[in-house]
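Input: a single structure, listed below in structure tokens.
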Amino acid sequence: MSKKLVLQGPQADQATLARLAGLARPASTTPLGPHVLRCDGIDVTPELKAAVEAAAWAAQVDASFVDANLRLDGFGLVAMDMDSTLITIECIDEIADMQGLKPRVSAITEAAMRGELDFSESLKRRVALLEGLPVEALDRVYDERLAISTGGEAMLARVQAAGLKTLLVSGGFTFFTERLQARLGLDVAHANVLEADKGKLTGRVVGGIVDAEEKKRTVERVCAELGISPRQAIVMGDGANDLQMMGIAGLSVAFRAKPVVRAQADVALNFSGLDGVLAILA
């Protein structure tokens, strides 16, 4: 089946993109902006794909091979991980920094995101280290450290204007997802609840943990409520605990992701912002 290739990079000029496009031998090319080039009519082989992706990586360009007819209007839902996907930080690492424990917690987070540790157990271990921290510390993390990833607000504005529903599903915490849901007008948010007592964290999570399986179930549930198939969902993530929900999507997007996630996703945005998905679906 003929594919299209979208080449994009925030620092890339059209000459660089054209050079990369030549490796794919497209039937035609169309600039979609100063830093984006769409290439149509490509007969993709594993060797060609590997060669283009390697050259693109060296040029700090994202190379996305997708079906020629893939368009935004073919989808009904955008589902996103929160930490290091929709936002630039890992909230639990920044909370731990308030306890002077960021290096210790970050090491556990990294191992879990690479798929080296069971997510649920890793979360319990990390949350336990937060025992005794005043709840006000969460406000400081939200106000002082949390930032939306590059292109995130532009991407959301476009998909919402196109009528797609939005889901934020996170192995993080409702303290942050609820605020982001209100701030960005997201339709659904689902995350873990941190237990607190007398204004301090207890070091425990209330109820079940939102792990990889629960993330997948949440995407399936929201799709069912919308009357669409998971194949009509775009799912974005960065860590190993996102792979199950990405695996049922019509388009899985690895954003600034760990190698294990990039290897399994349909497309990877390593250099572009989250709005890079709009060019892929143009």
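The values are calculated or read from the model by the stated rules, or taken from the named source; none is laboratory data. All of these numbers come straight from a predicted model, not from anything done at the bench. Ideal geometry is used to build each Cβ from the backbone, glycine not excepted, and the neighbour counts take in all protein chains shown.
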Would you be able to say whether some residue in the range 77-84 is buried (at least 24 other Cβ atoms within 10 Å of the Cβ), β-branched (V, I, T) and over 17 Å from L186 (Cβ atoms)?
no
Go over the candidates G250, G276 one by one and state the one that is closer than 20 Å to E213 by Cα, at pLDDT 95 or above, small (G, A, S) and in contact with a strand residue (DSSP E or B) (Cβ under 7 Å, 6 or more places away or on another chain).
G250
For the range 130-180, the count of residues that are under 15 Å from the mean Cα position of the chain (by Cα), surrounded by fewer than 22 Cβ atoms within 10 Å (Cβ to Cβ) and more than 28 Å from G9 (Cβ to Cβ) equals 0
Consider R126 carefully, then state whether it is buried (at least 17 other Cβ atoms within 10 Å of the Cβ), at pLDDT below 95 and under 23 Å from D238 (Cα atoms).
yes
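Of the residues in the range 213-270, how many are among the charged types (D, E, K, R), within 18 Å of L164 (Cα to Cα) and in contact (Cβ under 8 Å) with a residue 60 or more places away in the chain? Full working, then the answer.
From the range 213-270, those among the charged types (D, E, K, R) are 213-217, 220-221, 225, 231, 238, 242, 256, 258, 262, 266; that's our starting set.
Applying the additional criterion that residues be within 18 Å of L164 (Cα to Cα) yields 220-221, 225, 231.
From what's left, in contact (Cβ under 8 Å) with a residue 60 or more places away in the chain: none.
Summing the residues that are among the charged types (D, E, K, R), within 18 Å of L164 (Cα to Cα) and in contact (Cβ under 8 Å) with a residue 60 or more places away in the chain in the range 213-270 gives 0.
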Need a quick list: helices (runs of 4 or more DSSP H) entirely within the range 171-282 having at least 3 residues that are over 30 Å from L37 (Cβ atoms), of a type outside the set (G, A, S) and assigned by TED's automatic domain parsing to the domain that holds E116.
174-184, 212-226
Looking at the range 270-282 only, could you name the residues that are farther than 14 Å from M80 by Cα, surrounded by 24 or more Cβ atoms within 10 Å (Cβ to Cβ) and not hydroxyl-bearing (S, T, Y)?
G276, I280
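Where residues in the range 245-266 are β-branched (V, I, T) and buried (at least 20 other Cβ atoms within 10 Å of the Cβ), which of them is nearest to the chain's Cα centre (by Cα)?
Quick first cut of the range 245-266, residues β-branched (V, I, T) only: 248, 253, 260-261.
Right, trim to buried (at least 20 other Cβ atoms within 10 Å of the Cβ) and you get 253, 261.
On the way: V253: 6, V261: 10 Å.
Per the stated criteria, the residue is V253.
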Based on this model, can you work out whether L201 counts as modelled with pLDDT of 95 or more, among the aliphatic types (A, V, I, L, M), under 14 Å from M80 (Cβ atoms) and out of contact with any helix residue (DSSP H, G or I) (no Cβ under 6 Å at 6 or more places or on another chain)?
no
Tell me which residues, restricted to the range 4-47, are over 21 Å from F271 (Cα atoms) and part of a helix (DSSP H, G or I).
P46, E47
Residue pairs qualifying under the 9 Å Cβ cut-off, at least six apart or on distinct chains, with the first in the range 7-24 being exposed (fewer than 15 other Cβ atoms within 10 Å of the Cβ) and the second being among the acidic types (D, E), are none
